[in-house]
Amino acid sequence: PSELPTCDECGEQPHHPLPPKVSFVIELVPARVVRHRIVQPQVRCGCGHCIVCAPAPPRVGDKVQYGPRLASSLIAAKCMDAIAVERYAKQLKRLGVPIAASTLFDLFHCAARLVSRLYDLLVQQVRGFDLVLADETRIQVQDKEAGKGKTRRAWVWVFLAGDLVVYVYSKSRSGETPVKVLGTSPGMLVV
């Protein structure tokens, strides 16, 4: 305060410094979207028949204009937070980046193709465990063969081995999915 109170004991104003009192407030800093400008130098030979361009940084897919951070944010929103892609598109629109849900689905699938080999390695590791826990959950999915607006049942299988978790989509609840995932693993399966 501008005027310090006086001490009840000695009558003086406090003037000997002490360490400051520190407290914390947790605040939300909204996400921001940036547009990076990529400049690729080019050179040509003296006759003009040969042009060489510096390589572009890696992208999620050919001609994809959205970066890997946006793709990973989309994947986390959909897979970890169960946010529908259409809702994620609305969130991006509020940030000033209108992206169609169909474009986000394409981006999601591009990223999935990139990590498919990692997924296959994860499945291989699960096969090596002595004990694997599994469960299946029924979901409704669009049935394109039955017509617009029609749905059918499908299942998402979850396999847990140690700290590893593998999700597998299946059109069936049959034992084919565990056999496909675990193969001839000598371990024990608890369902």
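The values are calculated or read from the model by the stated rules, or taken from the named source; none is laboratory data. Please read all numbers here as calculations on a predicted model, not as lab measurements. Cβ sites come from the backbone with ideal geometry, for glycine too, and all protein chains shown count toward neighbours. What goes into the accessible areas is simple: the full protein's heavy atoms, side chains included, and nothing from ligands, DNA or RNA. Shrake-Rupley method; radii C 1.70, N 1.55, O 1.52, S 1.80 Å.
If you go through region 97-117 and keep only what is of a type in the set (G, A, S) and part of a helix (DSSP H, G or I), you end up with A101, S102, A111, A112, S116.
Given the criterion exposed (fewer than 13 other Cβ atoms within 10 Å of the Cβ), without any contact (Cβ under 8 Å) to a residue 12 or more places away in the chain and out of contact with any Ser or Thr (no Cβ under 6 Å at 6 or more places or on another chain), identify the matching residue among R94, R113, R138, R153.
So the residue among R94, R113, R138, R153 that is exposed (fewer than 13 other Cβ atoms within 10 Å of the Cβ), without any contact (Cβ under 8 Å) to a residue 12 or more places away in the chain and out of contact with any Ser or Thr (no Cβ under 6 Å at 6 or more places or on another chain) is R94.
With respect to (1) surrounded by fewer than 11 Cβ atoms within 10 Å (Cβ to Cβ); (2) over 23 Å from K180 (Cβ atoms); (3) of a type in the set (D, E), the lone exception for E86 is condition (1).
Taking first residues from region 45-61 that are touching a residue at least 40 places away in the same chain (Cβ under 8 Å) and partners that are surrounded by 10 or more Cβ atoms within 10 Å (Cβ to Cβ) and part of a loop (DSSP other than H, G, I, E, B), the Cβ contacts under 8 Å between residues at least 6 apart in sequence or on separate chains come to V60/Y66; V60/G67. Applying the criterion of being of a type outside the set (V, I, T) and at pLDDT 85 or above to the residues of region 18-31, the residue that is nearest to P5 (Cα to Cα) is L18. Residues in region 170-186 that are farther than 14 Å from T137 by Cα, open to solvent by less than 40 Å² (accessible area, probe 1.4 Å) and at pLDDT 85 or above: V181, L182. Just one of (1) without any contact (Cβ under 8 Å) to a residue 40 or more places away in the chain; (2) over 30 Å from D62 (Cβ atoms) fails for P178. It is (1).
Evaluate the following for R127: is it at pLDDT 90 or above, under 30 Å from V190 (Cα atoms), surrounded by 12 or more Cβ atoms within 10 Å (Cβ to Cβ) and out of contact with any Lys or Arg (no Cβ under 8 Å at 6 or more places or on another chain)? Against the criterion (at pLDDT 90 or above, under 30 Å from V190 (Cα atoms), surrounded by 12 or more Cβ atoms within 10 Å (Cβ to Cβ) and out of contact with any Lys or Arg (no Cβ under 8 Å at 6 or more places or on another chain)), R127 qualifies.
Is it the case that some residue within region 54-66 is open to solvent by less than 90 Å² (accessible area, probe 1.4 Å), within 30 Å of V166 (Cβ to Cβ), in contact with a helix residue (DSSP H, G or I) (Cβ under 9 Å, 6 or more places away or on another chain) and not in a loop (DSSP other than H, G, I, E, B)? No, region 54-66 contains no residue that is open to solvent by less than 90 Å² (accessible area, probe 1.4 Å), within 30 Å of V166 (Cβ to Cβ), in contact with a helix residue (DSSP H, G or I) (Cβ under 9 Å, 6 or more places away or on another chain) and not in a loop (DSSP other than H, G, I, E, B).
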